[in-house]
Amino acid sequence: MKILVCIKQVPDMESRFKPNSEGTWYDETDLAFRMNEYDEYAVEQAVQLKEQLGGEPEITVLSIGPDRVGEAIKKALAMGGDRGVHIQDSRYYQKDPWQIAATIASYAREQRFDLIFTGMQSQDRGSAQVGVTLAELLGFACATTLVGFAYDSGAITVKRELEGGSKGVARLNLPAVVTCQMGLNIPRYPTLPNIMKAKKKEFRTVPVTELLQEAAVTTTEKMYPPAKKGAGLILEGETADLSDRLLAILKERTAVFR
Amino acid sequence: MKALLICEHREGKLLQSSYELQAFAGLLGVESAMVLIGSEAEVPEFNGKVYLADAGKYGEYNPDLHKRLVLEAVARENPDYIIFLHSSYGWDLAPRVAAALKAGQISEIVALVDGKFEVTCCNAKLRRSVAAKSARTVLTIQAGAFGVAGEPRGNPQLERLEIEETAGRVEFMGYEAAEPKDVDLTRAEVIVSAGRGIGKKDNVPVIAALARALGGELGASRPVVDAGWVTQSHQVGSTGQTVSPKLYVACGISGAIQHLAGMKKADFIVAINKDKDAPISEIADVLVVADVMQFVPAFTEHVRRQ
């Protein structure tokens, strides 16, 4: 079995964000990058499947972006991926989801993967499109928002998360693309020996221009901070003083102490 | 300009969120028709065409067939926009339709600003204005972002939607009900919720102690539940419980849209967070800028002395 896991590297969402000088993406200066959280569930599920099948499947980990994304790929290899593919694109943020999916499809078509895992969305752009579009371009079956996954002889049974806490259960034959949601599994931390081993694993780089033929179908015209509603009161200072002030506000504005 | 609005139908019922599509189309100022893969007993109130396909025949979740059906309606209606809710149904189906039409898709629209589509980015800390370059455009709108005014009323003109195929590659097996809740947060007057910012499971009792001191219940955000720190019964948000207490205290919760959807109707919201830019600050009545694990124990003592 050949498995592909598509991952993205995104900034830590706790960061402060500001638009870049072009005003069409965020300024990357001073941001710390990590693997997109939803993609960590994708890597973990792929590695669990490999373990279930006695190590037979080969897991390729793919990411698109500038040089820094190599770190995210190496983390996925340390978690249990076998080989890394870095599609180099320093202007990745100017590509729309259609182009990202087309780039991956163009790589994946030759490789004949049986199963593709990815996150349900990225934490930065959050379009939730790339996985499904990739499946359509490859003609694969696809299910999104997985919180349950089981493989048995060529077919998978998935649980999709629905609104209100219920789940939808579905079966798909391979080849398939699945997109992973929080709660699917608990991603492992790479161990030191596995981090060392990952450094020796196959790692290829491919320029995006070799793969991408498609033009964008959407464009970001502008990126900007949201207008502050500014309705709320902001309390800052020493703990004891903050406690006094918050208590006074709750007494005045709520019925909790009456 | 014309729009095709794709309704949602689940477990035999038309989902009320389908009316948000009408509200959005109204703002967009377009003529619209609706598509429902559901049942004749549950058609939307609407003055216009409703393309109706039978869920008994095509399934409630069968993405391949639903894509074919929507494309059939597109061929008959020739819309400029095809609009879905950004929901487990919509985000699953919309890109399939977009790919087949090679149409640009704009996901999870939260506002229309001067005729442009606005979406959020980076945990709602930034916004993007997005435009499509294609002949048709697929849109998904954020659940709850476009409110429905009043009771929907109308007399739909039904148009039958049929396709040849009756099998897809994804076989739907059925629904699994949400786990029964051992805590009913919907009746709580005070809820104190723990988010990822509390740092570790061992800190949950500190938050629970404040909930007790205020005579309330413990709530939690999704990551805390998924990490196994708190049971799912306590989860507040779109996949947990939707609450409207007199007081909601969010401890170390950044305020993902799914969480906000479950608690924004609280009468009074206090957020305790060291990140002033966290999206929860947008809806909080009071934001206490502090380290949760330093502030909460001290504040709990203060409350107890009352």
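The values are calculated or read from the model by the stated rules, or taken from the named source; none is laboratory data. All of these numbers come straight from a predicted model, not from anything done at the bench. No Cβ is skipped: glycine too gets one built from the backbone with ideal geometry, and neighbour counts run over all protein chains shown.
Here is how the numbers come out for the structure above:
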read-out: Leading residue by the ranking (nearest to A:ASP114 (Cα to Cα)) among those in segment A:1-23 that are surrounded by 23 or more Cβ atoms within 10 Å (Cβ to Cβ) and of a type outside the set (Val, Ile, Thr); value: A:LEU4
read-out: Among the candidates B:GLY228, B:GLY262, B:GLY252, residue that is at pLDDT below 95 and buried (at least 19 other Cβ atoms within 10 Å of the Cβ); value: B:GLY262
read-out: Candidates B:ALA194, B:ALA211, B:ALA271 - the one that is over 28 Å from B:ILE141 (Cα atoms), buried (at least 24 other Cβ atoms within 10 Å of the Cβ) and modelled with pLDDT of 95 or more; value: B:ALA194
read-out: Total residues in segment B:227-267, condition under 22 Å from the mean Cα position of the chain (by Cα) and aromatic (Phe, Trp, Tyr); value: 1
read-out: Residue under evaluation B:TYR89, criteria (1) of a type in the set (Phe, Trp, Tyr); (2) more than 25 Å from A:PRO97 (Cα to Cα); (3) within 24 Å of the chain's Cα centre (by Cα), criterion not met; value: (2)
read-out: Filtered residues of segment A:220-249 (kept if part of a helix (DSSP H, G or I), closer than 28 Å to B:LYS125 by Cα and more than 7 Å from chain B (Cβ to nearest Cβ)); value: A:ARG245
read-out: Residue match in segment A:152-162 (condition: buried (at least 21 other Cβ atoms within 10 Å of the Cβ), closer than 21 Å to A:LEU211 by Cα and more than 15 Å from the chain's Cα centre (by Cα)); value: no
read-out: Members of segment A:174-185 that are part of a loop (DSSP other than H, G, I, E, B) and either of a type in the set (Phe, Trp, Tyr) or modelled with pLDDT of 95 or more (or both); value: A:LEU174, A:PRO175, A:GLN181, A:LEU184, A:ASN185
read-out: Helices (runs of 4 or more DSSP H) contained in segment B:1-81 and holding at least 1 residues of a type outside the set (D, E, K, R), over 23 Å from the mean Cα position of the chain (by Cα) and surrounded by fewer than 19 Cβ atoms within 10 Å (Cβ to Cβ); value: B:55-58, B:63-77
read-out: B:ILE283 being surrounded by fewer than 23 Cβ atoms within 10 Å (Cβ to Cβ), among the aliphatic types (A, V, I, L, M) and under 16 Å from the mean Cα position of the chain (by Cα); value: no
read-out: Residues located in segment A:5-23, provided they are part of a strand (DSSP E or B) and more than 9 Å from every other protein chain (Cβ to nearest Cβ); value: A:VAL5, A:CYS6, A:ILE7, A:GLN9
read-out: Cβ pairs under 8 Å, 6+ apart, first in segment A:138-156 and on the phi > 0 side of the Ramachandran plot, second assigned to a strand (DSSP E or B) and buried (at least 20 other Cβ atoms within 10 Å of the Cβ); value: A:THR145/A:ARG160; A:THR145/A:GLU161; A:THR145/A:THR179
read-out: Top-ranked residue of segment A:193-219 - restricted to ones that are assigned to a helix (DSSP H, G or I) and out of contact with any helix residue (DSSP H, G or I) (no Cβ under 9 Å at 6 or more places or on another chain), ranked as nearest to the other protein chains (Cβ to nearest Cβ); value: A:THR209
read-out: Options A:TYR41, A:TYR26; residue that is in contact (Cβ under 8 Å) with a residue 40 or more places away in the chain, within 14 Å of another protein chain (Cβ to nearest Cβ), within 23 Å of B:GLY197 (Cα to Cα) and crowded, with 20+ Cβ neighbours inside 10 Å; value: A:TYR41
read-out: Residues satisfying the stated conditions in segment B:86-125, i.e. facing chain A (nearest Cβ under 7 Å), part of a strand (DSSP E or B) and under 25 Å from A:ARG34 (Cβ atoms); value: B:SER107, B:GLU108, B:CYS121
read-out: So A:PRO190, is it more than 7 Å from chain B (Cβ to nearest Cβ), under 24 Å from the mean Cα position of the chain (by Cα) and exposed (fewer than 12 other Cβ atoms within 10 Å of the Cβ); value: no
read-out: Flag if B:VAL236 is under 23 Å from A:ALA227 (Cα atoms), buried (at least 22 other Cβ atoms within 10 Å of the Cβ), within 12 Å of another protein chain (Cβ to nearest Cβ) and of a type in the set (Val, Ile, Thr); value: no
read-out: Leading residue by the ranking (surrounded by the fewest Cβ atoms within 10 Å (Cβ to Cβ)) among those in segment B:286-302 that are facing chain A (nearest Cβ under 8 Å) and of a type in the set (Val, Ile, Thr); value: B:VAL289
read-out: Test: residue in segment A:128-141 that is among the polar types (S, T, N, Q), under 20 Å from B:TYR61 (Cβ atoms) and surrounded by 24 or more Cβ atoms within 10 Å (Cβ to Cβ); value: yes
read-out: Count of residues meeting criterion [exposed (fewer than 10 other Cβ atoms within 10 Å of the Cβ), at pLDDT below 90 and closer than 18 Å to B:GLU72 by Cβ] in segment B:148-166; value: 0
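Here is a yes/no grid of residues against (1) over 28 Å from B:ALA98 (Cα atoms); (2) among the aromatic types (Phe, Trp, Tyr):
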site: A:LEU174; (1), (2): no, no
site: A:VAL178; (1), (2): no, no
site: A:ARG188; (1), (2): yes, no
site: A:LYS197; (1), (2): yes, no
site: A:PHE203; (1), (2): yes, yes
site: A:GLU210; (1), (2): no, no
site: A:GLN213; (1), (2): no, no
site: A:PRO225; (1), (2): yes, no
